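Reviewing the structure listed below.
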Amino acid sequence: MLKKLKPKKILHIWQQSLKTHHGRILTLAGAAALFYFPVWAGTLLSTILFGSAALLFNGGFLYFGLRKLWTQRETLRQMPVSGDERLIGHMLIVGSAFWLPFSRDSVSLQALIWLLVVVGVGFSCFGFRLFWRYPVASLMILVSMYPNNVFLAERIFTSIIEPQVAESFTAWLGSIALQVIGQPANAVKNLIVVGEKSVHVAYPCTGFDMAISLTGLSLWLGLSLKQVWWRISLAMVSGVAIAIVFNIPRVVVLVLAVLYWGQSTFDFWHGPWGGQIFSGIMFTVAYYVVFAIYRLNSPGGMAVNQSSTSLNK
């Protein structure tokens, strides 16, 4: 289908769409997309420097959500849209699109406004039934619109638990690892105390971002390989465990750098290069563990569920 959409045909479709009120509203939504896309892509690319898998996370969710809706395109075309649903969608698009240029100081606010535009497009084109019949696909698309879901998940996590829980837990694990290699380390809340010196453990040294990335990667691979949900869940839990385990040696290295090796060594391991080294090792191990889970009890290689995992359940 994409090969048939030549530039002249695209221009003709656009010109025809401008002849209707609904088409002009959708054109406004397209303009909002052009405004938001550089923010979305730029934020995603910036996270790669620190070993984040946000690009794969968001790209995978967007792909699976759109793929599900594309396979149901004939059903979507036949969905009736009431006048009220179209009006609500148009109001969301117009209000959000005009608000978007005035929110350039906040990526999160721009993402929220763009989500309203996307919801408005869904309402005006397909009605509420789109979200009712395909909740998982719709949710995947909406989640992929936020450019840094790791940051969002961390904010949600810290808002529902007691402060410094993850940091204190990381400090405790790090102190145990330091004791194993002969260092007189103890954990005092989110501090690792070694002799008369102490090191403060703060986000993102908790490994939370890596846990979220591996969880998303496990889900992405599970859906792409059409795995059953219990295997996907096991792979996601394993991803969290791997992130916690591999974060411990990084904390140990950073503590030793602070205590003995100097600021330049600390900056290296705490910066993008050190993050990429640890992330590369961690993702390699996670890759083999996840694929081992998906091959579990499979007589002929990859255990693919014969009835593909449904995204609308």
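The numbers here are math on the coordinates, done by the rules we state, and not lab data. Bear in mind the structure is a predicted one, so any value in this text is a computation, not a measurement. Glycine gets a Cβ as well: all are built from the backbone with ideal geometry, and neighbour counts include every protein chain shown.
Backbone amide hydrogens, once placed in the peptide plane, bring residue 185 within less than 5 Å of 179, excluding anything fewer than 5 places away on its chain. Sequentially through segment 148-165, phi angles give Karplus couplings (6.51, -1.76, 1.60; θ = phi - 60°) of 9, 5, 5, 4, 5, 5, 5, 5, 5, 4, 6, 7, 10, 10, 5, x, 6, 5 Hz, Gly and Pro residues having no value and appearing as x. When peptides 58-64, 119-125, 129-135 are ranked by their average number of other Cβ atoms within 10 Å per residue, the highest-first order is 119-125, 58-64, 129-135. A simple packing score, the average count of other Cβ atoms within 10 Å per residue, orders the peptides 141-153, 252-264, 211-223 as 211-223, 141-153, 252-264, with the highest score first. Over all projection directions, the Cα-based convex hull of the chain averages an area of 20.6 nm². For segment 19-24, putting each phi into the Karplus relation 6.51 cos²θ - 1.76 cosθ + 1.60 with θ = phi - 60° gives couplings of 7, 10, 4, 4, x, 5 Hz, in residue order, rounded to whole numbers and with x for Gly and Pro. List the aspartates and glutamates whose Cα lies under 19 Å from the Cα of residue 197, skipping any in the same chain that are fewer than 8 positions away. Answer for residue 197, where 19 Å is the Cα cut-off: 167, 267, listed by chain and number. Couplings 3J(HN,Hα) for segment 183-192, derived from phi with the Karplus relation 6.51 cos²θ - 1.76 cosθ + 1.60 (θ = phi - 60°), are 8, x, 9, 9, 9, 10, 6, 9, 10, 9 Hz, where x marks Gly and Pro. Semi-axis lengths, largest first, of the ellipsoid equivalent to segment 156-294 are 30, 16, 13 Å, with √(5λ) applied to each eigenvalue of the Cα gyration tensor.
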